[in-house]
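Encoded as structure tokens, the structure appears first; notes follow it.
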Amino acid sequence: MIDLSVVIPTYNRSVRLKSCLEALARQTQSASDFEVIVVIDGSTDDTVETLKKLNVPYLLRTVWQQNKGQPSALNEGIKQASGRYCLFLDDDIIADPQLVAEHLEAQREHEKAVVVGQIKLQLPAHADWYAIAFAQGWRDHYDQLNKRNTGLTWEDCYSGNMSAPRESLLSAGGFVLDMIRGYDVELVYRLEKQGLSLLYVPGAVACQDEQKGFHELSQDAENAGKADVLNYQQNTQLLSQALASFSQGSWRKLLLRRLLLAIRIPPRILEQLGRGLKNPAHRSALYGFIQWLCYWRGVRQMVGKTGLWQQLTSGVPILMYHAIGLPHEPAGPFVIPAERFSRQMNWLKKMGYHPIPLKQFLDCQQNFRLLPPRCVVITFDDGYADNYTHAYPILRHYNIPVTIFLVSSYVGLTNGWDQNGQLSGRPLMSCAQIQELISQGVHVGAHSCTHPELTALSSAQAEEEIIGSRQQLESKLGVSIDFFAFPYGKYDPSILAIMQRADFLAGCTIETGLNTLITPSSRLRRTEIQGTDSLARLWLALWTGDAEALWWHRKPNRRSP
């Protein structure tokens with residue numbers, strides 16, 4: 001009995017198909033263990049004649065159908081297959097001798113799995129700079145998978161070198177027929193929901209004869225944007241990483257993206273600019289930007305100026321405050337007068353912003369679900385008594401949720417870590433005050449035990465500060481503490497590892513920028529709002545994630561005390 005059916009859809013590529021089939025004749029796996037099914041999708045070239053003349057050691061079957069597209073041809077191959085497993089190859093794939101054996105071994109070892117191999121690209125000698133940059137990006141992707149630096153997701157599963165159990169493919173209904181591209185990853189998403197595991201096998205190597213240049217590759221990127229939107233509109237759980245990434249990165253990149261999309265600059269102009277660049281790194285960066293631009297041109301063509309476009313292109317700013325000024329107390333970097341704070345919260349509501357709890361943002365991240373546009377999160381660091389007496393009444397008046405990060409060993413005391421700063425000796429909330437706020441719906445998080453610079457401590461000391469702060473607060477307050485804010489915003493890989501061991505759901509930094517669904521929850525970005533900041537700076541913080549964006553000179557002391 002044949003275990004594996006190799007399914008190859010083809011259309012008018014007889015020369016490439018012949019090379020593909022000849023490579024399968026050189027497999028280390030016994031030819032009696034697999035069959036090859038070529039589905040001719042209405043080809044008008046000499047494909048049929050070429051196949052008749054071909055002499056191969058394995059069972060070769062051909063199926064002809066009217067031209068219906070690759071997904072239909074793949075489904076026909078599944079239907080005709082006699083093996084327990086189907087291995088899909090594109091007709092321009094040259095399989096390494098071990099490819100079939102690697103797929104078959106992986107399928108036999110795992111009860112139900114989608115197995116994905118590695119695809120290398122072979123460019124022609126006349127390839128343009130854009131195709132060369134594309135190939136480098138492709139190599140980088142597989143290098144990360146080979147190093148296990150990234151986990152395999154349904155978005156990485158391409159039908160050019162992929163296998164799955166035939167029974168599972170049939171029960172899932174096969175490939176959808178109404179997508180311009182992405183029908184392979186969409187199928188894998190459904191298979192994963194049915195309980196199939198995703199397995200990357202680096203030894204299943206194939207080489208693709210890549211003949212595309214700028215025009216075809218940029219069009220592919222545009223079609224990818226359209227396909228991702230179509231997928232999402234049909235099933236909101238099919239939200240791709242790319243579709244959730246618009247606001248990721250620095251404010252400069254964000255403004256440039258918005259500008260070039262707004263003026264509708266043709267990608268061809270940028271591609272011509274790349275021809276004059278000599279530095280490979282500069283070319284690579286420009287290539288990535290052009291691909292991004294083409295992708296979002298495709299997205300915009302699908303959604304227009306709808307609410308979905310606003311959702312996709314919005315990021316979530318997390319604002320960071322410290323203390324509210326008492327009567328007659330001057331404004332400072334970390335102290336904002338109550339009247340000014342009230343004006344800011346009022347302005348947020350009038351401008352149509354939607355303040356949400358930090359927990360709601362994290363829930364959307366965890367479930368990879370889009371948030372409404374113009375969401376914003378409000379946080380306070382340290383837990384000063386004026387947060388209870390002055391900030392909370394204002395927030396309650398405007399129905400704005402807040403998360404307050406507490407220095408656990410100083411609850412009920414005064415600021416003893418900022419010896420010479422503006423906040424030195426400032427009273428902190430008592431347990432009773434904090435518990436009252438919690439009863440009103442305020443969320444609290446940990447800000448270490450004593451507010452040290454964590455990266456200057458030993459591993460044991462840092463662990464005591466991070467894990468100990470959670471334990472102290474949970475013991476004092478009787479609630480679960482799920483969020484952590486890094487004192488002074490300082491962290492490194494060892495600090496992140498300790499925070500993970502402490503089971504915190506999120507870590508907040510003082511790195512500026514907007515947050516998206518793909519922002520690491522352990523390193524959420526926050527924008528500090530200083531006591532002297534104007535509404536213009538607040539608007540910049542909301543729009544770009546940086547209150548200093550577009551300012552010629554950045555304010556001094558813009559850091560978390």
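Overview of values
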quantity: One residue from VAL114, VAL100 being farther than 30 Å from GLU271 by Cβ and not in a helix (DSSP H, G or I); calculated: VAL114
quantity: Test: residue in segment 276-299 that is within 29 Å of ILE529 (Cβ to Cβ) and crowded, with 20+ Cβ neighbours inside 10 Å; calculated: no
quantity: Whichever residue in segment 199-244 is closer than 28 Å to ILE269 by Cβ and of a type in the set (D, E, K, R) and, among such residues, is surrounded by the fewest Cβ atoms within 10 Å (Cβ to Cβ); calculated: GLU216
quantity: Residue check for ALA385: closer than 25 Å to THR532 by Cβ, in the same structural domain as LEU538 (by TED's automatic domain parsing) and small (Gly, Ala, Ser); calculated: yes
quantity: Filter result for LEU256 (in contact with an Asp or Glu (Cβ under 7 Å, 6 or more places away or on another chain) and part of a helix (DSSP H, G or I)); calculated: no
quantity: Filtered residue count, segment 354-373, keeping only those that are among the basic types (Lys, Arg) and modelled with pLDDT under 95; calculated: 1
quantity: Residue within segment 423-430 that is under 23 Å from GLY468 (Cα atoms), assigned to a strand (DSSP E or B) and hydrophobic (A, V, I, L, M, F, W, C) present; calculated: yes
quantity: Scope segment 253-275; condition farther than 25 Å from GLY513 by Cα, exposed (fewer than 15 other Cβ atoms within 10 Å of the Cβ) and touching a residue at least 60 places away in the same chain (Cβ under 8 Å); matching residues; calculated: ARG275
quantity: Restricting segment 37-53 to residues that are touching a helix residue (DSSP H, G or I) at 6+ places or on another chain (Cβ under 6 Å) and aliphatic (A, V, I, L, M), the residue that is nearest to ARG108 (Cα to Cα); calculated: ILE37
quantity: Options LEU169, LEU196, LEU177: the member that is in contact with a Ser or Thr (Cβ under 7 Å, 6 or more places away or on another chain) and crowded, with 20+ Cβ neighbours inside 10 Å; calculated: LEU196
quantity: Within segment 328-363, considering residues that are over 27 Å from the mean Cα position of the chain (by Cα) and of a type in the set (Asp, Glu), the one nearest to ILE378 (Cα to Cα); calculated: GLU339
quantity: Of all residues in segment 71-97 being assigned to a helix (DSSP H, G or I) and among the aliphatic types (A, V, I, L, M), the one that is surrounded by the most Cβ atoms within 10 Å (Cβ to Cβ); calculated: LEU74
quantity: Filter result for ALA485 (farther than 25 Å from GLY352 by Cα, surrounded by 21 or more Cβ atoms within 10 Å (Cβ to Cβ) and aliphatic (A, V, I, L, M)); calculated: yes
quantity: SER247 being over 23 Å from ASN515 (Cα atoms) and not assigned by TED's automatic domain parsing to the domain that holds TRP154; calculated: no
quantity: Only listed residue being out of contact with any Gly (no Cβ under 8 Å at 6 or more places or on another chain) and closer than 23 Å to ARG374 by Cβ, chosen from LEU238, LEU254, LEU261; calculated: LEU261
quantity: Scope segment 386-416; condition free of Cβ contacts under 8 Å to residues at least 60 places away in the same chain and either more than 26 Å from VAL376 (Cα to Cα) or in a loop (DSSP other than H, G, I, E, B) (or both); matching residues; calculated: TYR398, ASN399, ILE400, PRO401, VAL402, TYR410, GLY412, LEU413, THR414, ASN415, GLY416
quantity: Matching residues, segment 436-451, being of a type outside the set (Ser, Thr, Tyr) and buried (at least 17 other Cβ atoms within 10 Å of the Cβ); calculated: LEU437, VAL442, HIS443, VAL444, GLY445, ALA446, HIS447, CYS449, HIS451
quantity: Count of residues meeting criterion [touching a helix residue (DSSP H, G or I) at 6+ places or on another chain (Cβ under 8 Å), in a strand (DSSP E or B) and in contact (Cβ under 8 Å) with a residue 40 or more places away in the chain] in segment 1-36; calculated: 8
quantity: Number of positions in segment 112-138 that are touching a Leu at 6+ places or on another chain (Cβ under 9 Å) and either without any contact (Cβ under 8 Å) to a residue 12 or more places away in the chain or not basic (Lys, Arg) (or both); calculated: 14
quantity: Segment 259-288, residues that are on the phi > 0 side of the Ramachandran plot and either assigned by TED's automatic domain parsing to the domain that holds LEU191 or not in a loop (DSSP other than H, G, I, E, B) (or both); calculated: none
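The values are calculated or read from the model by the stated rules, or taken from the named source; none is laboratory data. Bear in mind the structure is a predicted one, so any value in this text is a computation, not a measurement. Using ideal geometry, Cβ is built from the backbone for each residue, glycine included, and neighbour counts are taken over all protein chains shown.
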